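As structure tokens, the structure follows; a few thoughts come after it.
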Amino acid sequence: MKATEAADLPVRPGEDPWTSEELAEVRQQLEAEIASQREELAQNESELTERLTDPVEGAGDDTADTGAKAFQREHDLALAYNTRDLLAQSEKAIERMDAGTYGVCESCGQAIGKARLQAFPRATLCVTCKQREERR
């Protein structure tokens, strides 16, 4: 992104405009998270597939063992789902940067706030809209 594009991103009143360096730092953080999340997903899916296709897995288990393994499988699936969700959010943030819409609240259209995005780069809502959403 060019410096003028970074400076054109919305900020809240009282905040300095984005610099290309600040935006590059946030982008680099997101790209590192994306790489880590993809690696984690690949590892989790490999382990799950291995367990599901092992013909002796569960042979001779009593009901408590079977229940414990089912619970662990559900837990692993929930973690994988959460990682996929975070990956999608991170990829969407990069897409918004490329489109020039990074920092615009998806609910009200106002600036999310530079400080909020630096702390939580996947944010899609300003603080006010996020609080409203959480009250529902």
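The values are calculated or read from the model by the stated rules, or taken from the named source; none is laboratory data. All of these numbers come straight from a predicted model, not from anything done at the bench. We place every Cβ from the backbone using ideal geometry, glycine too, and count neighbours over all the protein chains shown.
For segment 83-105, the tally of residues that are under 17 Å from GLN131 (Cβ atoms) and at pLDDT below 95 stands at 0.
Those helices (runs of 4 or more DSSP H) of segment 56-136 in which 2 or more residues are surrounded by fewer than 14 Cβ atoms within 10 Å (Cβ to Cβ) and charged (D, E, K, R) occupy 63-99, 127-135. Select from segment 79-103 the residues that are more than 15 Å from the chain's Cα centre (by Cα) and of a type in the set (Gly, Ala, Ser) and list them in ascending order. Scanning segment 79-103 gives ALA99, GLY100, GLY103.
Restricting the first member to segment 106-129 and to residues that are at positive phi, and the second to residues that are part of a loop (DSSP other than H, G, I, E, B) and of a type outside the set (Val, Ile, Thr), the beta-carbon pairs closer than 8 Å and six or more apart or on different chains are GLY113/ARG12; GLY113/GLU15; GLY113/GLY103; GLY113/CYS126.
Residue-by-condition table, conditions (1) at pLDDT 85 or above; (2) touching a Ser or Thr at 6+ places or on another chain (Cβ under 8 Å); (3) closer than 23 Å to ARG96 by Cβ; (4) among the charged types (D, E, K, R):
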| position | (1), (2), (3), (4) |
| --- | --- |
| ASP16 | yes, no, yes, yes |
| ALA24 | yes, no, yes, no |
| LEU52 | no, no, no, no |
| LYS69 | no, no, no, yes |
| ALA78 | yes, no, no, no |
